Amino acid sequence: MGAQESVPDPPAQMHHYYSKFMRECPSGLLSLHEFKKLLDLQGLDPQGDLYIKRVFDIFDLNQDGFIDFLEFIAAINLVIRGKIDQKLKWYFKLYDADGNGCIDKKELLSIFRAIQAINGYTNMSAEEFTNMIFQKIDVNNDGELTLEEFINGVEKDEDLMELITKSFDLSNVLKVIQNGRRNSV
């Protein structure tokens with residue numbers, strides 16, 4: 001018999017996540033402060049803090065200021081099992097900071113700077129990244145991306161899809177959540 005780890009069936013997997021969630025968060029409600037603590041992301045610069053707050057707010061589906069277990073599971077399912085268009089809709093929501101249904105250059109620049117502050121992803125500057133995205137997918141050149149422009153543009157361009165997926169990948173965040181806190185360095 002090989003030592004291959006089997007993936008728990010869905011009910012066992014839910015129990016596994018539930019026990020981890022409750023161990024890290026006995027109240028059953030994860031606050032922004034606890035979310036940052038869980039991911040070892042305290043003391044970030046203002047850009048990094050902004051990004052983590054946006055991620056938290058999007059996971060907090062009912063906007064009550066806490067992530068409960070159902071919201072936690074929804075987030076894990078999206079990142080692990082979500083189809084690409086679901087993920088792109090999520091990314092769009094993340095970038096659309098003012099919630100007006102369009103992403104402008106300032107919003108994309110701001111969120112990319114914040115992500116760079118956390119991930120250290122620096123293949124290109126935030127300005128280069130933002131200009132490239134708009135050049136490739138702002139089909140009507142109005143300086144704003146609608147959800148449709150964003151999804152169609154990214155799905156048609158493999159390089160862009162890979163760049164966005166890598167730059168904004170949350171699986172590292174979820175690995176920390178799944179496996180418990182990072183060990184202090």
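Quick one: E148 ticks every box in (1) within 30 Å of Q13 (Cβ to Cβ); (2) over 13 Å from the mean Cα position of the chain (by Cα); (3) part of a helix (DSSP H, G or I); (4) not aliphatic (A, V, I, L, M) except a single one, so which number is it? For E148, the exception is condition (1).
Can you find even one residue in the range 87-107 that is of a type in the set (G, A, S) and either over 22 Å from I52 (Cα atoms) or in a helix (DSSP H, G or I) (or both)? No, the range 87-107 contains no residue that is of a type in the set (G, A, S) and either over 22 Å from I52 (Cα atoms) or in a helix (DSSP H, G or I) (or both). For E34, the criteria (1) open to solvent by less than 40 Å² (accessible area, probe 1.4 Å); (2) over 27 Å from G153 (Cβ atoms) hold in every case but one, which is (1).
Looking across the range 37-53, the residues that are open to solvent by 70 Å² or more (accessible area, probe 1.4 Å), in a helix (DSSP H, G or I) and at pLDDT below 85 come down to K37, P46, L50.
Answer with yes or no whether I111 is touching a residue at least 60 places away in the same chain (Cβ under 8 Å), within 30 Å of L30 (Cα to Cα) and surrounded by 12 or more Cβ atoms within 10 Å (Cβ to Cβ). Break it down stepwise before answering.
Numbers: touching a residue at least 60 places away in the same chain (Cβ under 8 Å): yes; within 30 Å of L30 (Cα to Cα): yes; surrounded by 12 or more Cβ atoms within 10 Å (Cβ to Cβ): yes.
Here the answer is yes, as I111 does meet what is asked.
Looking at K87, K93, K106, can you tell me which residue is open to solvent by 40 Å² or more (accessible area, probe 1.4 Å), touching a Ser or Thr at 6+ places or on another chain (Cβ under 8 Å) and of a type outside the set (A, V, I, L, M, F, W, C)?
K87
Residues in the range 111-145 that are assigned to a helix (DSSP H, G or I), among the aliphatic types (A, V, I, L, M) and modelled with pLDDT of 90 or more: I137 alone.
The values are calculated or read from the model by the stated rules, or taken from the named source; none is laboratory data. Keep in mind that this is a model prediction, so the values were computed, not measured. As a convention, Cβ positions derive from the backbone with ideal geometry for all residues, glycine included, and neighbour counts pool all protein chains shown. Note: accessible area is taken over every heavy atom of the protein model, side chains too, but ligands, DNA and RNA are not part of it. Shrake-Rupley method; radii C 1.70, N 1.55, O 1.52, S 1.80 Å.
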